[in-house]
Amino acid sequence: MFVIETKNLTYTYGAGTPFEKTAVDNVSIGVKKGEFLGIIGHTGSGKSTFIQTLNGLLRPTKGTVLLNGKDIWEEPKKIRSVRFQVGMVFQYPEHQLFEETVLKDICFGPGNMGLDKQEVEKRARLAAQFAGLPEELLDKSPFELSGGQKRRAAIAGVIAMDPDVLILDEPTAGLDPQGRDRLLEQISDYRKKRGNTILLVSHSMEDIARFADRVLVMNAGKAVMLDTTANVFSHGRELESMGLRVPQVTGILLTLQEKGYPVHPVLTVDEAVKELRPLLKKGDAHRGA
């Protein structure tokens with residue numbers, strides 16, 4: 001059974017008005033428990049609207065969202081409990097920090113779940129560890145932190161609720177490359193240790209290639225591809241026609257393949273080395289002859 005499933009999901013802004021626009025159009029997909037799903041699409045493809053329907057921030061115009069097999073809107077008065085199970089981290093989440101200390105900010109989410117104070121603080125400290133936030137920062141004001149540290153604090157606040165599903169919308173936007181890599185590695189480690197499901201929306205094809213088990217491609221409100229990461233990025237020219245690009249190393253291998261070289265498109269530099277080594281050996285042999 002899928003942890004999250006959508007059936008004929010449609011969301012239309014301004015329905016019945018002259019400004020009506022369908023942002024998500026008849027999307028039916030399933031997300032497996034414990035998987036790391038990447039979501040890509042050009043600006044305006046519907047991916048941000050789509051993820052907001054998954055935890056009830058937006059109610060579908062048509063279709064259903066199932067969480068562990070149950071329609072999340074079956075009991076509208078309980079939709080708040082869905083948001084504890086499907087945690088959402090928005091782009092630039094540090095703008096939502098507001099408490100006196102970092103620890104209090106991380107405690108805010110689990111504190112609203114009816115847990116006792118000791119359990120709330122235990123969860124908050126563990127979440128800070130998962131997000132890579134040093135213990136000595138927890139008593140500081142969140143406004144004293146660096147940009148990257150604020151981002152980690154905001155993510156820890158969602159992790160502290162221990163959601164079955166964690167949805168991240170461009171979590172590394174604005175971070176330097178080293179900070180971006182470290183944050184995504186810690187999120188991936190969190191998933192492996194807790195068994196949670198991760199949905200990552202990103203414009204960085206390299207990040208998606210490195211961490212995602214499968215990739216969902218959105219275009220004009222529709223789910224046009226859902227497959228393993230390698231299979232999706234093997235459709236490089238098709239992705240380019242949608243305004244997307246493949247990881248740089250994959251693009252190089254695709255070009256070589258189109259020129260007749262016996263290589264397969266891959267996702268990482270290490271894999272590319274393995275693909276290219278036989279060609280380089282052949283070149284050395286010819287030169288030696």
So, of the residues in the stretch 258-277 that are assigned to a loop (DSSP other than H, G, I, E, B) and under 25 Å from the mean Cα position of the chain (by Cα), which turns out to be farthest from S204 (Cα to Cα)?
P265
Of I51, I39, which residue is β-branched (V, I, T), within 28 Å of M205 (Cβ to Cβ) and not in a strand (DSSP E or B)?
I51
State whether the residues of the stretch 53-65 include one that is surrounded by fewer than 15 Cβ atoms within 10 Å (Cβ to Cβ) and modelled with pLDDT of 95 or more.
yes
Scanning the stretch 158-184 residue by residue, those modelled with pLDDT under 90, part of a helix (DSSP H, G or I) and touching a Ser or Thr at 6+ places or on another chain (Cβ under 9 Å) turn out to be G179, R180, D181, L183
Selection count where residues are in a loop (DSSP other than H, G, I, E, B) and buried (at least 22 other Cβ atoms within 10 Å of the Cβ), scope the stretch 185-223
3
Looking across the stretch 1-34 at residues that are of a type in the set (G, A, S) and surrounded by 13 or more Cβ atoms within 10 Å (Cβ to Cβ), the single one that is farthest from I51 (Cα to Cα) is A15
Restricting the first residue to the stretch 99-126 and requiring it to be within 22 Å of F143 (Cβ to Cβ), which pairs with a second residue that is assigned to a helix (DSSP H, G or I) and polar (S, T, N, Q) meet a Cβ separation below 6 Å and a spacing of at least six or different chains?
none
State all residues of the stretch 172-224 that are within 12 Å of the chain's Cα centre (by Cα) and of a type in the set (F, W, Y); if no residue qualifies, say none.
F211
Limited to the stretch 130-155, what total is found for residues that are farther than 18 Å from N55 by Cβ and either surrounded by 15 or more Cβ atoms within 10 Å (Cβ to Cβ) or in contact with a Cys (Cβ under 6 Å, 6 or more places away or on another chain) (or both)?
15
When the residues of the stretch 224-239 are narrowed to those that are modelled with pLDDT of 90 or more and assigned to a helix (DSSP H, G or I), which ends up farthest from D25 (Cα to Cα)?
A230
Going through (1) surrounded by 15 or more Cβ atoms within 10 Å (Cβ to Cβ); (2) β-branched (V, I, T); (3) modelled with pLDDT under 95 one by one, T43 fails only at (1)
If I ask for residues that are outside any helix (DSSP H, G or I), at negative phi and touching a residue at least 24 places away in the same chain (Cβ under 8 Å), which ones from the stretch 74-97 would you list?
V86, G87, M88, V89, F90, Q91, L97
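The values are calculated or read from the model by the stated rules, or taken from the named source; none is laboratory data. Just so it is clear, the structure is predicted and the values come from calculations on it, not from any experiment. Cβ atoms come from the backbone with ideal geometry, glycine included; neighbour counts cover every protein chain shown.
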